[in-house]
Every structure is written in C-alpha cells, then in structure tokens.
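Read-outs throughout are calculated quantities, based only on the coordinates presented, and are distinct from any laboratory measurement. The shown structure was predicted, so the numbers you read here are calculated from the model rather than taken from an experiment. Cβ sites come from the backbone with ideal geometry, for glycine too, and all protein chains shown count toward neighbours.
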Amino acid sequence: MLIMRRYRGLCLLLVVVSLCLSACKPDSAGDLSSALALQAAGEAEAMPEADDAFSEPGWYKGDLHAHSTYSDGDSDVATVLQLAENAGLDFFVLTDHNTNAQWADGAYAQGLYELTLLYGVEWTTDAGHANIWSDAPFDWPTIRDQSMGAPVDEWTMTGGDAAAAIDLAHAQAGVSREVLFSLNHPSCALYSWQYSYADSLQADCIEGWNAGYDWPNLNELAMGDGLVPSFFDKYAQEGFKRGLKYALVGGSDSHKHKANLGGTSWFETHFNNVGTPTTWVWAESQAGADILRGLKAGHVFISRSPRAPRLNLVADADANASDYELMMGDTIKLAAGQSRTVRFKARVFDAKPNVASWVRVIKNGKPFLVANLSLAGDYTVDFTDTVKPGDYYRAELKQRPGADELLGNHLQSWTAAVTNPIYTW
C-alpha cells in the first residue's frame, strides 16, 4: 500500500506533460472587461533589495526547506549554511526529516553568519510531509510522539495525525515564539499530501513551489496557473468559508550539495541547490519572529532564484489614486452582497531581455488577464475589476528560462515568479 500511495501520481505523467506544454504558451487575454494598462521600464515603482539593516522593514529573501547529514542530505550543517550565505539569502532554515538534532550542531548558531536562522523540522509520514518552523527551539519530541506512528524507514513514520501535529505545533507559540505549519509539495507524484482538508485546515502555509524543476513535484498542480484546479485554490476557497487564509511559499528541498559524479547527487548539486526557489517576505525586520509573522500574513512572493525577476501585487481599494494601500496577503473587506471597483497593480522587476515573457493574473483560480512583455527591465500591469466577497487575485510571471538557468526548457517550468493573493472578504 505504501508503494501504491507513493507512486500513484505517476499515472498523471502524460497529462502533466500536456499541461506543462500549454503553460509555456502565452494566453490570449480574450474578451476581458477589465481595464488594462502596461507601463514599461522607468515607470514601475522601485522595489528595493532586501534591507541591509537588521531592524528595518523591507523585503527579506530566504529558503524554507533544506536538508543536511542529520537526515538524508549529503552535506554538513556548516556547508549548507555557507551555501545559503553565498546565495545572498537573508534567512534560512534546515528542515531535516523527523529530527531536531541539527539545532545542536555548533555551526547552527545565530551570529556566525549574516543569515537569520529559523528552527525547523520536516514532519515526515508515509501520507504527507510538512515543515514546522519557529524563531526559537521548540519541543519537537512531544509533537513527534503524540502525532506520529511507527517508523517506516530511517526518516519516515507511518500514519500520523496531521490535525494533532498542527495543534501541537501551534500550542507552543507564545509571546516570544512564532510557530508555523506548512504543507510540503502537496501534489508531488511521489510524496503528495494525502490528509483531508478537515485534518489540515489549521495549517498556515502551503509549499506550492518545491525545488527547481517541475517533475515529480508537479508545482503547477500545487500552486495553480489558472489552467487546472490546484491544491492551493482548493484551500483558498475552502478557507474563505471558514475565515482562514493560507500563505503560498516555496522551498528548495535541497538534499545534495556535493558535486559527485553521476546520479541524483550530481543532478541536485547542479540544478536544485539552496535558494531555488526563493521566498521573499515583507517583514518589520530580519528577526526570525518578524519573518514568520510576514509569512503568516501572506506578505510573500516567490522567485525562481535569488537573482531571478521579481513580481509583486498591490491594490487600491479606498479610491485614493495616489496610494496602493493593500499588498499580497491583505484583504479587501466588504459587507455581504456588497461590491466595489478596485485598482490593482502587478509590478515586475528585472525582466530578462530577449525572451518570451508575460504576466498572467489569476482570479479565483482561473485566468483573468494576460499582458505580454516585450522588453527587459521593470514593468507595471495596471487593471481594475469589480470585486465581491470570496474573490481573490494573484499574479504570476512566465518567462522562458535562460540557458544558464537550471535545466533550461527541459524539466523546469516557465514560471519565473508568483505572488500570494489579495483577498476580498
């Protein structure tokens, strides 16, 4: 039964190939009623890089999913942390499978690097994987012992009670500690999230973008591109009924960091290292608690790598033409039955030259509009729509990978960046 559960997604291969091919072609904007304006380089609002000052509000970039020799990674803690720092990340967390032994490693200490280190474990069962993150060490043995079954292998447990794990994790949060629970690679053909929504509804985040390649992770099915129903859209729509929101995040899930010849180790070393993809968080500071609060709020977008083009989404819901007061993760609040015309702005930064590129806006899990980009640099895509409770909007940047990026056009999708939604409740 374990083998069947792990490999049942393989039957989707032909379907996925077809979907990936269709995702690589710009959509027609069709007969859309929204007002659309495209502004080229020089007119986009400036988006700074992550702040140098530890205490300043701004964008901070990091990797939320990685492994070391304390579970099934091939590199020690110091090596992995050095890779994260070399990548220019601002925060990082090791999420080894079902162990917190990495926390006691002498290299895993605040102050040795410019990185903010979070404390994490990948809750790993034969029915799904999830990351638990905190800004301080937490009681992992209690979560493990009260929510997991017997071992399947060295790093995997049987069964597992996802609802109990989420409750146990959240119970450890306090004034000086943030604790989040994130569902990992939920649509992966090999290790999908098989727990029901009822068992998972109190989760905080969904790892829609896992690793630097699409197979077997099926990221398009996890985070959605408006072409097929996605795991994230199901949770977003079910969450609306209960007043719950889920942050869309990414993680490299990197295991192999040594340039060994041949096999998976060589493949991952070259094509899925730390920071692919990169999760960007708007936070009050670089402190771990603030990073986690930003994640929880959904003030997040994801880029293909730390150096890839970036994308964010803002909205003006108060009719103040000079101010876009809402960002990704925020909510436009309306009374039942009320509607309102809202201005949105999708902002692209550092689009690559001479490659096919377009911004797709997704409304309620379905394509809403497409704007093709013709030049390198920065763009803004402005549009308006009449919103009502239950609507949510997010954006994605599609761009053909360059020859120097991971696997080029072969296994990597054309997704260069995605935003979290702006909601209407």
Reachable lysines, given that their alpha-carbon falls under 29 Å from the alpha-carbon of residue 258 and they are not under 8 places away in the same chain = 61
Ordering of 169-175, 375-381, 150-156, 297-303 by packing [mean C-beta count within 10 Å, highest first] = 297-303, 375-381, 169-175, 150-156
Heads up, the stretch 81-150 by the C-alpha gyration tensor (a ≥ b ≥ c square roots of eigenvalues; a/c under 1.5 rounded, else a/b over b/c prolate, else oblate) looks prolate
Rounded to the nearest whole number, the per residue volume of the convex hull around the C-alpha atoms of the stretch 294-377 in Å³ is 140
Quick note on 60, 197, ordering by fewest other C-beta atoms within 10 Å, gives 197, 60
Sequence-distant residues sharing a close amide H with residue 343 (under 5 Å, placed H) = 316
Arrange 348, 179, 314 by Cβ neighbour counts within 10 Å, fewest through most, would you?
-> 314, 179, 348
For residue 245, the aspartates and glutamates lying under 12 Å Cα to Cα, once residues fewer than eight places off in the same chain are dropped, come out as 204, 233, 330
HN-Hα J couplings of the stretch 416-422 from phi, Karplus 6.51/-1.76/1.60, θ = phi - 60°, integer Hz, Gly and Pro as x?
-> 9, 6, 9, 10, 7, x, 9
Neighbouring Cβ atoms within 10 Å as the yardstick, rank 331, 95, 341 fewest first.
-> 341, 331, 95
